[in-house]
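Every number here is computed from the coordinates shown, using simple stated rules; none is lab data. Keep in mind it's a predicted model, so treat the numbers as computed, not measured. Cβ placement follows ideal geometry from the backbone for every residue including glycine, while neighbour counts extend to all protein chains displayed.
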């Protein structure tokens with residue numbers, strides 16, 4: 001499968017690494033083309049099964065079924081507007097943790113989440129899926145923590161869209177866990193706020209992960 005990642009930062013690196021390791025091609029859309037080209041060079045070393053990495057300028061065409069918003073929450077609405085005409089029928093993966101840097105509280109209003117707020121403004125027939133928000137970029141590059149594959153929690157209202165994202169996750173050596181409808185993104189964002197707040201105490205170098213064991 002071919003997957004578009006909007007962004008060329010740390011999360012684009014982490015998610016891109018796993019997609020390419022799973023044999024899926026990646027197209028990076030970025031404002032800074034020099035940065036994106038450098039990242040593409042790094043990512044290409046992880047490609048398996050003939051997968052490739054391409055780079056396009058921000059705003060260029062989106063030919064792929066799956067589009068991942070690997071940008072901060074504050075940038076998502078403007079990007080949805082930029083790509084609005086191309087989003088119907090797509091699976092839009094929303095990965096952000098919408099945290100106010102001053103108050104260290106969640107930005108969305110009570111009873112909502114970043115994913116639900118984005119779902120309100122996307123065109124009809126765009127399927128919004130929450131995923132990857134509980135995974136740090138550094139752990140995604142490694143694909144595991146202490147020998148355990150990373151869990152990726154997935155929320156969304158479209159079952160087929162979630163299954164597609166789950167397949168991409170699994171192909172990359174991670175464990176997908178469907179947590180239910182898009183409203184469960186509220187729980188995922190709240191839990192990751194706690195996870196982030198514990199990083200100094202854990203002293204893990206941002207290499208901890210949320211893992212369910214049974």
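Odds and ends about this structure:
- Separation between Cα centres of segment 125-174 and segment 40-110, rounded to whole Å: 14 Å
- Segment 1-44 residues near the modelled residue 160 label - backbone nitrogen below 19 Å, point 7 Å along Cα→Cβ: 1-4
- Note on residue 200 and residue 75: the extension gain reaches 42.3 nm, defined as 0.36 nm multiplied by sequence separation minus the Cα-Cα distance.
- Inter-label distance, nm, simple model (7 Å from Cα along the C-beta direction), residue 33/residue 144: 4.0 nm
- Inter-site label distance for residue 193 and residue 179 at 7 Å from Cα along Cβ, in nm: 1.3 nm
- Ranked list, fewest to most other Cβ atoms within 10 Å of each Cβ, for 24, 29: 24, 29
- Once the C-beta distance of residue 213 and residue 52 is scaled by a Förster radius of 30 Å, the resulting FRET efficiency is 0.25 to the nearest 0.05.
- For segment 2-202, the share of DSSP beta bridges that are antiparallel, to the nearest 5, is 15%.
- Within segment 93-162, the proportion of C-alpha pairs whose separation exceeds 15 Å stands at 62%.
- For segment 3-87, the direction-averaged projected area of the alpha-carbon convex hull comes to 4.9 nm².
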